[in-house]
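Enquirer: Got a structure for you, written out below as structure tokens; questions coming shortly.
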Amino acid sequence: MSYATRVSEIFSELGIALPGPSPRALEIRSPIDGKRIASVPVATPAELTAAVDRAQSRFLAWRNVPAPQRGALVRALGEKVRQHKQALGRLVTIETGKIAQEGLGEVQEAIDICEFALGLSRQLYGLSIATERPDHKLLETWHPLGVVGIISAFNFPMAVWAWNASLALVCGNTLVWKPSDKTPLSALAINGLLLAAARENGVDPDGLSAVVVGERDLGEALVAHPSVRLVSATGSTGMGRAVGVTCAKHFKRALLELGGNNAAIVCPSADLKLAARAVTFAAVGTAGQRCTSLRRLIVHRSIASQFVKQLRAAYEGLPIGNPLDDGTLIGPLIDAATHERMQAALHAAKAVGATVHFGERVAGVAGGCYVRPALVEMSAQAGPMCDETFAPILYVLPYDSLEEAIALNNAVAHGLSSAIFTRDLQEAEIFTSARGSDCGIANVNIGTSGAEIGGAFGGEKETGGGRESGSDAWKNYMRRATNTINYGMSLPLAQGIKFEI
Ligand code: NAD
């Protein structure tokens, strides 16, 4: 059965209509075999404006709905996603090429964040602060913000929206989402479930959440629209730089989740068996196409050759092929351009004296682009090792002292995820201290990828500084007001200022 047929079966199970033919259609292809799976109409600038205007007028009513009632809608979305987990997971796999387990994991992440947001809908708390004046009250209160524009990358076509949407909705906002033009079907599916959940629960879906399909120019128009109060953008650093500038020009908020060039340090005391498993999953999972994929491995010189040998053995045996098949651990790259960038990076590494193991194209499903992940031994942190190549390449570099290893970890432009493998308490504490890793995520004895939704997710420097998902990330989606209330009969001024009239 073709993947196009499987996609239309998934949409009919979900009860969502696949878009029909259109003169402005974008051809969507599965990376599994490169064949067309659907055509999706591209939104015009006028359609984008209409979607934002509808979201703005819906916001004026939605902000008045009590937060726990907004939470009930997000709970209903979570239940629908759970009910269709298998179908949604398959859709993610067909559209992105990530293996079945990871497709299901992505859907589970959407379910988890809906549960988190439901609880949050009863915990949107402010502060009561001591005041210097008698008969006064000083408060901090939080209010809905407005229309949230979401821009997402191809590699997490449901979870990233779910992180944003579930929190933004319970916080009283409405949504307009421009997904990656490579993966709009996952977007149409999960957004369709939200609208169905709204209808079934007596909530008017009009203007609550819209998907606009298109390329970069449509994203730019969404960012520039004056009614969009927050732009949550996930993608490359180049994209974030452009989005950030536009947001700054219009004094609107930007929540940026951008690229990563993530490292792990393997210390002499590490459990090397555990480290090899964790490193392999982090480096080759999702065929190296996660923002948190492990790209740089900094190994103590005394164990470097032994550890590389262990990794080579693991890499040699990796099952590569159709991501829907049981047992496959590495699916295809998203497209041929990614393969070209990968080969260019390996070429550049050789030019600075590196030894490259693997990285060659392998037979997978005809029409797809399958590679054996590359392991690259470096003698210095140089050339392509300093950049994010969004493909399965792991650079390995020896170190002599922990201070040197931490300096190498921090000496790149990005600051997303990092890890240390050690059984030495002092090394672990130093790595996670103020003089340790400068990344938004610093792990001990687990890899760089695979974060849980409970923590705040995001990174520093050219990763953009944004935080999404758990902890207090909800504050991004609300505006803060400080309220001073005088319940006395006099008017004492702050700082003791006298102003008698
Ligand atoms: P991309 O930057 O090419 O595209 C991401 C999205 O931005 C797409 O929807 C695209 O159409 C849109 N876009 C591009 N330029 C734009 C502009 N100037 N204005 C508005 N929108 C614009 O990224 P990609 O190839 O889809 O994804 C891979 C990248 O995303 C990697 O760098 C990866 O590290 C990053 N990523 C980061 C996170 C994170 O949470 N930090 C998560 C996933 C992916």
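The values are calculated or read from the model by the stated rules, or taken from the named source; none is laboratory data. Predicted model only: the values in this text are computed from it and were never measured. Virtual Cβ from ideal backbone geometry, glycine too; neighbours counted across all protein chains shown. Note: accessible area is taken over every heavy atom of the protein model, side chains too, but ligands, DNA and RNA are not part of it. Shrake-Rupley method; radii C 1.70, N 1.55, O 1.52, S 1.80 Å.
Enquirer: Would you mind listing the strands (runs of 3 or more DSSP E) fully within segment 125-207 where at least 2 residues are surrounded by fewer than 22 Cβ atoms within 10 Å (Cβ to Cβ) and away from the ligand (no atom under 16 Å from the Cβ)? Write out each step before concluding.
Expert: Details: elements: 127-129, 136-144, 147-151, 174-178.
So the answer is 127-129, 136-144.
Enquirer: Please verify whether Val362 is surrounded by fewer than 18 Cβ atoms within 10 Å (Cβ to Cβ) and touching a strand residue (DSSP E or B) at 6+ places or on another chain (Cβ under 6 Å), treating the condition exactly as stated.
Expert: Spelling it out, Val362 is indeed surrounded by fewer than 18 Cβ atoms within 10 Å (Cβ to Cβ) and touching a strand residue (DSSP E or B) at 6+ places or on another chain (Cβ under 6 Å).
Enquirer: Restricting the search to segment 464-485, which residues are open to solvent by less than 10 Å² (accessible area, probe 1.4 Å) and of a type in the set (Val, Ile, Thr)?
Expert: Answer for segment 464-485, where residues must be open to solvent by less than 10 Å² (accessible area, probe 1.4 Å) and of a type in the set (Val, Ile, Thr): there is none.
Enquirer: Checking the condition over 29 Å from His225 (Cβ atoms), surrounded by 14 or more Cβ atoms within 10 Å (Cβ to Cβ) and either hydroxyl-bearing (Ser, Thr, Tyr) or assigned by TED's automatic domain parsing to the domain that holds Phe156 (or both), which residue from Val65, Val7 passes?
Expert: Details: Val65 fails: over 29 Å from His225 (Cβ atoms).
So the residue among Val65, Val7 that is over 29 Å from His225 (Cβ atoms), surrounded by 14 or more Cβ atoms within 10 Å (Cβ to Cβ) and either hydroxyl-bearing (Ser, Thr, Tyr) or assigned by TED's automatic domain parsing to the domain that holds Phe156 (or both) is Val7.
Enquirer: Kindly evaluate Leu274 against the criterion of being modelled with pLDDT of 95 or more, in the same structural domain as Gln381 (by TED's automatic domain parsing) and in contact with a Leu (Cβ under 7 Å, 6 or more places away or on another chain).
Expert: no
Enquirer: Restrict the check to segment 479-490 and report whether at least one residue is farther than 18 Å from Ala165 by Cα and within 16 Å of the ligand (Cβ to nearest atom). Break it down stepwise before answering.
Expert: Within segment 479-490, the first condition is being farther than 18 Å from Ala165 by Cα, and the residues that meet it are 480-490.
Narrowing further to those that are within 16 Å of the ligand (Cβ to nearest atom): none.
No, segment 479-490 contains no residue that is farther than 18 Å from Ala165 by Cα and within 16 Å of the ligand (Cβ to nearest atom).
Enquirer: Got a sec? Which of Leu272, Leu297 is among the aliphatic types (A, V, I, L, M), crowded, with 21+ Cβ neighbours inside 10 Å and either on the phi < 0 side of the Ramachandran plot or more than 14 Å from the ligand (Cβ to nearest atom) (or both)?
Expert: Only one candidate qualifies: Leu297.
Enquirer: Tell me the residue from Val266, Val308, Val228 that is at pLDDT 95 or above and within 16 Å of the ligand (Cβ to nearest atom), please.
Expert: When all the criteria are applied, what remains is Val228.
Enquirer: On to the next question. Do we have Gly450 as modelled with pLDDT under 95, assigned to a loop (DSSP other than H, G, I, E, B) and outside the structural domain of Arg290 (by TED's automatic domain parsing) here?
Expert: In short, yes.
Enquirer: Just to be sure, is Thr389 more than 16 Å from the ligand (Cβ to nearest atom), in contact (Cβ under 8 Å) with a residue 12 or more places away in the chain and in the same structural domain as Ala282 (by TED's automatic domain parsing)?
Expert: No; evaluated as a whole, the condition is false for this residue.
Enquirer: Out of everything in segment 303-324 that is in contact (Cβ under 8 Å) with a residue 12 or more places away in the chain and more than 16 Å from Gly359 (Cα to Cα), what residue ends up being most open to solvent (accessible area, probe 1.4 Å)?
Expert: Top of the filtered list is Gln306.
Enquirer: Out of the residues in segment 235-245 that are closer than 18 Å to Ala221 by Cβ and open to solvent by less than 40 Å² (accessible area, probe 1.4 Å), state the one that is nearest to the ligand (Cβ to nearest atom).
Expert: Within segment 235-245, the match that is nearest to the ligand (Cβ to nearest atom) is Gly235.
Enquirer: Also, I was wondering about something else. Among Leu255, Leu222, which is within 14 Å of the ligand (Cβ to nearest atom), more than 24 Å from Asp400 (Cβ to Cβ), within 17 Å of the chain's Cα centre (by Cα) and open to solvent by less than 10 Å² (accessible area, probe 1.4 Å)?
Expert: Leu255
Enquirer: Oh, and also: Does segment 353-386 hold any residues that are under 24 Å from the mean Cα position of the chain (by Cα) and either closer than 25 Å to Pro268 by Cβ or not assigned by TED's automatic domain parsing to the domain that holds Arg295 (or both), and which are they?
Expert: Hit for segment 353-386 is Met385, nothing else.
Enquirer: Ok, one more. Since Asp33 meets every condition but one in (1) loosely packed, with under 15 Cβ neighbours inside 10 Å; (2) more than 21 Å from Ala189 (Cα to Cα); (3) of a type outside the set (Phe, Trp, Tyr), which condition does it not meet?
Expert: (1)
Enquirer: Counting only residues that are of a type in the set (Gly, Ala, Ser) and in contact with a strand residue (DSSP E or B) (Cβ under 9 Å, 6 or more places away or on another chain), which one in segment 160-201 is farthest from Ile28 (Cα to Cα)?
Expert: The residue in question is Gly172.
Enquirer: State all residues of segment 325-345 that are open to solvent by less than 10 Å² (accessible area, probe 1.4 Å) and not small (Gly, Ala, Ser); if no residue qualifies, say none.
Expert: Result: Ile330, Pro332, Leu333, Thr338, Met342.
Enquirer: Any chance you could count how many residues in segment 225-234 are open to solvent by less than 10 Å² (accessible area, probe 1.4 Å) and not hydroxyl-bearing (Ser, Thr, Tyr)?
Expert: Counting residues in segment 225-234 that are open to solvent by less than 10 Å² (accessible area, probe 1.4 Å) and not hydroxyl-bearing (Ser, Thr, Tyr) gives 4.
Enquirer: Could you tell me which of the residues Glu27, Glu47 is in contact (Cβ under 8 Å) with a residue 60 or more places away in the chain, over 30 Å from Leu120 (Cβ atoms) and open to solvent by 40 Å² or more (accessible area, probe 1.4 Å)?
Expert: Glu47
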